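What follows is a single structure, written as structure tokens, with notes after it.
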Amino acid sequence: MRETEIQTRLMYAFHRFGKINMIPKTGISKMEFFALQVIEEHQRKTELPGIYVSDLAQSLKIASSQTSRMLKNLEERNLIGRDVDGRDRRNTCVFLTEEGRKTCLETQDYVKSYMNRVFQSMGEERIEELIRLCNELADIMEREAEN
């Protein structure tokens with residue numbers, strides 16, 4: 001098999017992962033779910049009331065403008081709230097509302113259940129081999145990207 005065909009098939013397989021909709025019918029996108037998770041984890045680990053919008057954007061590796069649009073949508077659906085930092089009014093802190101916390105936890109439970117079914121279907125041995133191969137591929141890709 002030619003190298004370009006293998007490369008194309010590999011990139012297509014990776015692309016398929018990104019297209020899979022494993023989020024239940026909660027009305028939130030994958031990126032919104034990731035944002036809710038980051039906010040929830042930050043609140044739980046730091047015991048702070050929320051996370052700065054700039055820190056959230058950095059954690060999600062998306063532009064501030066994209067983060068702002070997403071947060072506006074989440075706020076309109078009462079999943080997050082915002083507070084202006086009293087020490088520096090240029091900073092805004094976002095936090096989960098009770099509805100946001102509930103949606104985040106329900107979605108986490110659904111994703112865990114979904115992944116358990118996937119792992120059962122594939123088998124533990126094959127999953128372990130897949131993890132090993134993915135890590136090996138990532139190591140090689142990182143080394144090549146440095147060259």
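The values are calculated or read from the model by the stated rules, or taken from the named source; none is laboratory data. Small disclaimer: the values here were computed from a predicted structure and weren't measured. With ideal geometry, Cβ positions are generated from the backbone for all residues, glycine too; neighbour counts draw on all protein chains shown. For accessibility, only protein heavy atoms count, side chains too; no ligands or nucleic acids. Shrake-Rupley method; radii C 1.70, N 1.55, O 1.52, S 1.80 Å.
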Taking the Cα centre of the chain as the origin, how large is its charge dipole in debye, to the nearest 20, when only Lys and Arg (+1) and Asp and Glu (-1) carry charge on their Cβ atoms?
580
Which of the helices in the chain, when you take each full DSSP H run, stretch at least 20 Å along the axis at their Cα atoms and have an average Kyte-Doolittle score of -1.0 or higher?
3-19, 30-46, 124-146
Where only protein heavy atoms count, and the probe is 1.4 Å, what is the accessible area per residue for the stretch 59-107 in Å²?
64
Among Gly123, Tyr110, Leu137, pick out the residue whose Cα is farthest towards the positive end of the charge dipole of the stretch 106-147, where Lys and Arg carry +1 and Asp and Glu carry -1 on C-beta, about the Cα centre.
Tyr110
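Considering only protein heavy atoms and a 1.4 Å probe, what is the carbon-and-sulfur percentage of the accessible area of the chain?
Working: 5760 of 10990 Å².
The value for the chain is 52 percent carbon and sulfur by accessible area.
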Regarding the stretch 29-83, what whole-number volume in Å³ per residue does the convex hull of its Cα atoms give?
74
In nm², what is the average projected area of the convex hull enclosing the Cα atoms of the chain?
12.3
When only Cα pairs under 8 Å and 6 or more residues apart are kept, what is the percent relative contact order across the chain?
21
Which peptide among 45-54, 98-107 comes first, and what is the full order, when sorted by highest mean count of other Cβ atoms within 10 Å?
98-107, 45-54
